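The values are calculated or read from the model by the stated rules, or taken from the named source; none is laboratory data. Since we're looking at a predicted model, the values are computed, not measured. Cβ placement follows ideal geometry from the backbone for every residue including glycine, while neighbour counts extend to all protein chains displayed.
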Amino acid sequence: MRHRLFAWFILVVLVVGCAPPAAPSPQGKIAFLLPETKTTRYESHDLPIFRAQLAALGFDVDRNLIYSNATQDAAAQQQQAEAALTNGATVLVLDPVDSSSATAIAELAKARGVPVIAYDRLITDSAAVDYYVSFDNREVGRLQAAALVTALAGLDDPQIVMLNGSPLDSNTTQYREGALAELAGRVTIAQSFDVPDWSPDKAQEFMAQALTALGNEVDGVYVANDGMAGGAIAAMKAAGLSPLPPVTGQDAELAAIQRILVGEQYMTVYKAIHREATAAADLAYQLWLGRTPAPELFNAQVDNGRIQVPSILLQPISVTRDNLQLTILADQFWVPAEVCVGEYAMACQAAGIEFSEGAP
């Protein structure tokens, strides 16, 4: 009996000893670093969608996701990135405050063997950027300008004011390039401003300056995003303009959708942030697992001044009152219960948007 037990023990030892080792679990964390809060999309859409997609993939977001928002402070974002790397980030998803100075963050990550995904805004002049997930930004500017030209059709040499985004944001250059190519020969740009920090307050100040300089003679306003559009509209209301000239925007902010419904803002550019944040989360997860993403995942190569960055570029959509229901509401980016509240209920009814009064 003793010999049988001994033989059984030896067999168990041999089987266990010959068993292949378990596959190692991924180590480290994913850092998601966003640039600011003045544009409402980041906290209301990008972050929750990115978190939800990682969680759906099986990633423990409560323990292993590092999130920071730099509130438009490039130095603070540098510190946040350094802290994330110190605290175990093995993938960095970075939407830079300053596309140029973010090069230092990318270089630091590269030195530590951490891949970098530039999110929404390109990190320029750096060979340390691995991937880029965003939208076709020149097309964004072109769509804004094309909508403005349509709105001004019939006017002889219309005069517009141009409110561009932050000069520190590489997207601003691309929006402006796309817009200027479309506007050339069709309008006169009477006043043009680059608005620091994408600030609605600064946009309002600049618009007020333009109105004073032009004697309130403004046919249209090219505005690079919705937050600044709100500032420009406030300045025109304060100056007594009625009716308001057509105003462009971007980001499909809730307040902008409501302004479009009541005729205060002409259009916005809808960027399906759900697809953008989901794509970035999928890519980050693959990198966290230590996998090399398949080349067919990328549909573009974007020049950042140093290298061609493998990129996922999504298509933006021009939205006016006419196609609001078929785009933003159909995608449930916002739902009627959020849009059609208070003073906007009648405008929703006039636009044929179905909603329930008092719905949560």
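Tabulated data
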{"read-out": "Filter result for the condition that a residue is surrounded by fewer than 17 Cβ atoms within 10 Å (Cβ to Cβ) and either in the same structural domain as Thr124 (by TED's automatic domain parsing) or touching an Asp or Glu at 6+ places or on another chain (Cβ under 9 Å) (or both), over Val302, Val269, Val262", "value": "Val262"}
{"read-out": "Index of the failed condition, Ser44 passing every other in (1) of a type in the set (Ser, Thr, Tyr); (2) surrounded by fewer than 21 Cβ atoms within 10 Å (Cβ to Cβ); (3) within 15 Å of the chain's Cα centre (by Cα); (4) under 20 Å from Asn171 (Cα atoms)", "value": "(4)"}
{"read-out": "Residues being surrounded by fewer than 18 Cβ atoms within 10 Å (Cβ to Cβ), part of a helix (DSSP H, G or I) and among the hydrophobic types (A, V, I, L, M, F, W, C) - total across the stretch 171-226", "value": "5"}
{"read-out": "Residue satisfying all of: in the stretch 83-100; surrounded by fewer than 24 Cβ atoms within 10 Å (Cβ to Cβ) and not aliphatic (A, V, I, L, M); nearest to Asp130 (Cα to Cα) among these", "value": "Thr90"}
{"read-out": "Residue list for the stretch 196-228, filter: under 25 Å from Leu168 (Cα atoms), in contact with a strand residue (DSSP E or B) (Cβ under 6 Å, 6 or more places away or on another chain) and either in contact (Cβ under 8 Å) with a residue 60 or more places away in the chain or of a type outside the set (Phe, Trp, Tyr) (or both)", "value": "Ala203, Ala210, Val221, Tyr222, Val223, Ala224, Asp226, Met228"}
{"read-out": "Residues that are surrounded by fewer than 24 Cβ atoms within 10 Å (Cβ to Cβ) and either modelled with pLDDT under 95 or under 19 Å from the mean Cα position of the chain (by Cα) (or both), drawn from the stretch 104-116", "value": "none"}
{"read-out": "Residue check for Arg112: touching a residue at least 24 places away in the same chain (Cβ under 8 Å) and in contact with an Asp or Glu (Cβ under 6 Å, 6 or more places away or on another chain)", "value": "no"}
{"read-out": "Verdict on Val161 being assigned to a helix (DSSP H, G or I), among the β-branched types (Val, Ile, Thr), over 30 Å from Ala277 (Cα atoms) and assigned by TED's automatic domain parsing to the domain that holds Met267", "value": "no"}
{"read-out": "Residue identified as of a type in the set (A, V, I, L, M), surrounded by 22 or more Cβ atoms within 10 Å (Cβ to Cβ), at pLDDT 95 or above and not in a strand (DSSP E or B) among Val129, Val149", "value": "Val129"}
{"read-out": "Matching residues in the stretch 66-92 - criterion: being over 17 Å from Leu168 (Cα atoms) and assigned to a loop (DSSP other than H, G, I, E, B)", "value": "Asn87, Gly88"}
{"read-out": "Residue within the stretch 47-56 that is exposed (fewer than 14 other Cβ atoms within 10 Å of the Cβ), over 22 Å from Ile105 (Cα atoms) and either in contact with a strand residue (DSSP E or B) (Cβ under 7 Å, 6 or more places away or on another chain) or small (Gly, Ala, Ser) (or both) present", "value": "yes"}
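Yes/no per residue for (1) touching a residue at least 40 places away in the same chain (Cβ under 8 Å); (2) in the same structural domain as Tyr222 (by TED's automatic domain parsing); (3) in a loop (DSSP other than H, G, I, E, B):
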position	(1), (2), (3)
Thr278	yes, no, no
Leu283	yes, no, no
Gln286	no, no, no
Thr292	no, no, yes
Glu296	no, no, no
Arg306	yes, no, yes
Ser311	yes, no, no
Asn323	no, yes, yes
